[in-house]
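Heads up: the structure comes next, in structure tokens.
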Amino acid sequence: MIFKMEAAAFYSFSILAIASALFILFSRNLIYGAFALFLAFLGVAALYVLAGADFLAVTQIMVYVGGILVLLIFGIMLTQKANNNTVSDTPNKVEVLPSREIAGFLAGSGLFLFLGYIILDARFAMQGEVISSNSTIRTIGVELMTSHLLPFEIAAILLLVALVGAAYLALNRNPAQ
Amino acid sequence: MNTIPLEHYLFVAAALFCIGLAITITKRHFIGMLLGIELMLNAVNINLIAFSRYDPEKLSGQLFALFVIVVAAAEVTVALAIILRVFGHYNTVDPDKVSDLKK
């Protein structure tokens with residue numbers, strides 16, 4: 001019974017994530033695409049929970065939905081064309097070349113067939129036992145502070161560098177004036 | 001113990017990755033391409049976390065996914081700053097039109 005509930009949750013959230021990803025692909029309006037990406041991120045976070053990664057799921061929602069998506073929507077708003085006087089009935093429209101569409105479809109479906117063949121062909125020999133229902137926060141904290149301390153510090157430096165660089169790049173919009 | 005098979009996670013991740021790749025190729029808009037890249041990074045994280053299910057003592061996959069999230073956050077901020085700068089310079093967000101080093 002519990003397995004059935006888990007399977008139902010897994011498949012419904014997978015369908016949610018994939019359907020919203022397909023909506024981004026076929027939508028011509030970029031703002032709608034950004035909101036569909038919100039749904040896709042939520043579906044992926046639910047998949048993390050079902051795979052026993054509770055801390056990662058919360059991090060996903062906080063970083064992606066709270067930070068990256070808001071930043072992307074800001075980017076869409078800040079890159080509007082200011083020079084068209086007529087109010088367009090289809091704002092944020094993205095043109096798509098037919099040749100590009102064919103190339104994207106071929107690349108995506110070809111890679112999917114390739115990956116599907118690999119997944120079906122592979123025989124994964126799993127040694128450890130499946131994760132128990134305990135929280136992963138303790139393990140992640142201990143591992144981050146012991147065996148993964150150097151990547152942790154490098155990540156801190158990377159975030160600082162990205163912060164300073166992004167602020168410098170975005171602040172000085174027009175150096176000629 | 002009866003749980004979701006690993007292959008199903010891998011199939012969902014492969015589908016999301018391929019859709020992200022198609023978005024990145026298809027959209028003629030810098031931010032549309034960023035949406036596709038974010039989707040691809042998420043798909044990779046699903047793979048890492050699905051494999052990390054079988055590694056409860058060390059959770060290497062989850063730690064790797066955490067660093068992927070950190071790098072994705074850094075990447076998107078810098079990319080957006082560059083996009084805003086390019087938009088201020090060329091007044092377009094079409095990657096095909098930004099083909100000159102200097103206007």
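The values are calculated or read from the model by the stated rules, or taken from the named source; none is laboratory data. Keep in mind that what you see is a predicted model, and the values were worked out from it rather than measured. All Cβ positions, even for glycine, are placed from backbone atoms using ideal geometry, and neighbour counts span all protein chains on display.
Summary of computed values
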{"read-out": "Every residue from segment A:1-48 that is more than 14 Å from B:Leu16 (Cα to Cα), assigned to a helix (DSSP H, G or I) and polar (S, T, N, Q)", "value": "A:Ser12"}
{"read-out": "Within segment A:85-107, considering residues that are at pLDDT 70 or above and small (Gly, Ala, Ser), the one nearest to B:Gly32 (Cα to Cα)", "value": "A:Gly104"}
{"read-out": "Extreme residue, farthest from A:Met1 (Cα to Cα), among residues of segment B:1-19 that are more than 7 Å from chain A (Cβ to nearest Cβ) and under 15 Å from the mean Cα position of the chain (by Cα)", "value": "B:Phe17"}
{"read-out": "Sole exception among (1) free of Cβ contacts under 8 Å to residues at least 60 places away in the same chain; (2) over 30 Å from A:Gly52 (Cα atoms) for B:Gln62, by number", "value": "(2)"}
{"read-out": "Test result for B:Phe64, more than 7 Å from chain A (Cβ to nearest Cβ), assigned to a helix (DSSP H, G or I) and under 18 Å from A:Ala17 (Cβ atoms)", "value": "no"}
{"read-out": "Long-range neighbours under 7 Å by Cβ, at least six apart or interchain, first residue aliphatic (A, V, I, L, M) within segment A:140-154, second assigned to a helix (DSSP H, G or I)", "value": "A:Ile140/A:Phe55; A:Ile140/B:Gln62; A:Ile140/B:Leu63; A:Leu144/A:Phe152; A:Leu144/B:Leu63"}
{"read-out": "Residue in segment B:74-95 that is over 22 Å from A:Tyr32 (Cβ atoms) and either basic (Lys, Arg) or touching a residue at least 40 places away in the same chain (Cβ under 8 Å) (or both) present", "value": "yes"}
{"read-out": "Candidate set from segment B:68-103 (those that are among the small types (Gly, Ala, Ser) and surrounded by 16 or more Cβ atoms within 10 Å (Cβ to Cβ)); member that is farthest from the chain's Cα centre (by Cα)", "value": "B:Ala81"}
{"read-out": "Condition met for B:Thr26 (touching a Lys or Arg at 6+ places or on another chain (Cβ under 7 Å) and of a type in the set (Ser, Thr, Tyr))", "value": "yes"}
{"read-out": "Residue in segment B:28-45 that is surrounded by the fewest Cβ atoms within 10 Å (Cβ to Cβ), counting only those that are within 7 Å of another protein chain (Cβ to nearest Cβ) and within 17 Å of A:Phe38 (Cβ to Cβ)", "value": "B:Glu38"}
